[in-house]
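Inspection log for the structure reproduced underneath, given as structure tokens.
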Amino acid sequence: MATRRFTFFLSFTFSIVILTVYIITTHIYNHQPFLRSSPNPLFLKPDDQIWPELEFNWRIVLATVIGFMGSAFGTVGGVGGGGIFVPMLTLIVGFDTKSAAALSKCMIMGASASSVWYNLRIQHPCRQVPILDYDLALLFQPMLMLGITLGVALSVVFPYWLITVLIILLFSGTSLRSFCKAIEMWKEETLMKKELERPREFVNSRGELLIDTYEPLIPKEEKTPMQIFLFNLRWKMLTALIVVWAAFLALQIIKNSLVVCSTSYWAVTIIQFPVALSVFGYECVKLYKESKKRKNTGNPESVCEAAIDWTAPHLMFCAFCGILGGTVGGLLGSGGGFILGPLLLEIGVMPQVASATATFVMMFSSSLSVVEFYLLQRFPIPHALYLMAVSVMAGFWGQFVIRRLVAFLQRASIIVFILSGVIFASALTMGVIGVDRSIRMIHNHEFMGFLEFCSSQ
């Protein structure tokens, strides 16, 4: 499977890079003790809090335009757009890095919420099922949140320049893979459109050649917007997702109030594992039983949107991808959307459903961060409300325009092209900023190696 090869290639590359860097930096700093006395202020103490005033000027206008476009295209692709928001808020508006990351989560939450509201009011393009795949959401959400927790912890330990290298590797790889996927889909759609446009020939009972130039009329049940909305809602699955979200939020709030590296701190951290694994295990058993039941009855229809067979190896592979995506997302500050969107496409989910489901999951993960940041007072409320309002409008209009364009051109590959473009833009902006900051750290003779977790909090 191409998905497995690509995923294991990324994880193997990351492992080799991290191991090599650890060995080299450990050797250098062990033989040059004076370097160890020059700690990296980026991690050992919080950045100076810079909150500019919310006033009408060219900076806020440019930030509004970039935020609107980033939210519109980011939610359509199902990746959020955090890789665009953080550089925009730091370079243009003037926020410090930590405040920019917190405001970025606010923008992602606003755009995701409006996109989910829009998607709940539209029908599945080809099946009588909800546009949101709740099974996939419940399968990936707990592992993604668990991975984000691990990634955030690793971001404290990893040097800034190494995180920049991982950003460039990950985003470039996923962008290229998504772009190739979009080209394949575009070619398949072109062949399909040519096949549909070609007149069909058949012979009647008298041996006369007839040409059929009309498509068969398939009656489709028309539903009101309220009927579609209620059909797309699955209260049992939605309640389960909310319970997982609330459990992780409570654990994060409790952990933030404890002394770092204390016994209670590690106890609360470890509790997150059984919470995530229990929900994931429940969904695994459900998908496995349903898939086995359909196979025994000879029903070839897939259990959910994914085109893979829900066997034990595939479920374990999904768990690995969820944790890997969350870890990388937490490490790079992207929240996991840059992994989940391409991953859903790789396992066979159609673009419209992949976009809607990834945005749905991202709404939970981003809102978890926003509540936590709010309790820690990490962002100014006026800026947060304004940028969230911009993102809410952008998320709605982005979905509206692109969905209409996909329906008009009959090319769902447009969504995948947008996903690839947003990831590439994020790799470019975050890569350039990361390289520039790393060069300045080298000129200032700052510590460039791995840090201890407990002393770096």
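Under a crude label model (7 Å from the Cα following the beta-carbon direction), how far is C454 from W397 in nanometres?
Going by the 7 Å Cα→Cβ label model, 5.3 nm.
Determine, for each peptide in 182-188, 235-241, 128-134, the mean count of other beta carbons within 10 angstrom over its residues, then list the peptides with the highest first.
The densest-packed peptide leads the list: 128-134, 182-188, 235-241.
Under 1.5 on a/c is rounded, so check that first for region 329-457, then, if it is not, pick prolate when a/b is larger than b/c and oblate when it is not; a ≥ b ≥ c are the square roots of the alpha carbon gyration tensor eigenvalues.
It comes out prolate by the Cα gyration axes.
For a footprinting-style exposure proxy, rank L196, L169 by other Cβ within 10 Å, fewest first.
Taking fewest neighbouring Cβ atoms as first place, the list is L196, L169.
Peptides 425-437, 257-269, 145-157, 383-395: what's the order by average Cβ count within 10 Å, highest mean first?
Answer by packing, highest mean first, reads 383-395, 145-157, 425-437, 257-269.
For the ranges 56-67, 312-323, what's the packing order if you count other beta-carbon atoms within 10 Å of each residue, average per peptide, and put the highest first?
Per-residue mean Cβ counts within 10 Å order the peptides as 312-323, 56-67.
Read-outs throughout are calculated quantities, based only on the coordinates presented, and are distinct from any laboratory measurement. The shown structure was predicted, so the numbers you read here are calculated from the model rather than taken from an experiment. For neighbour counting, all protein chains shown are included, and Cβ atoms are generated from backbone atoms with ideal geometry for every residue, glycine included.
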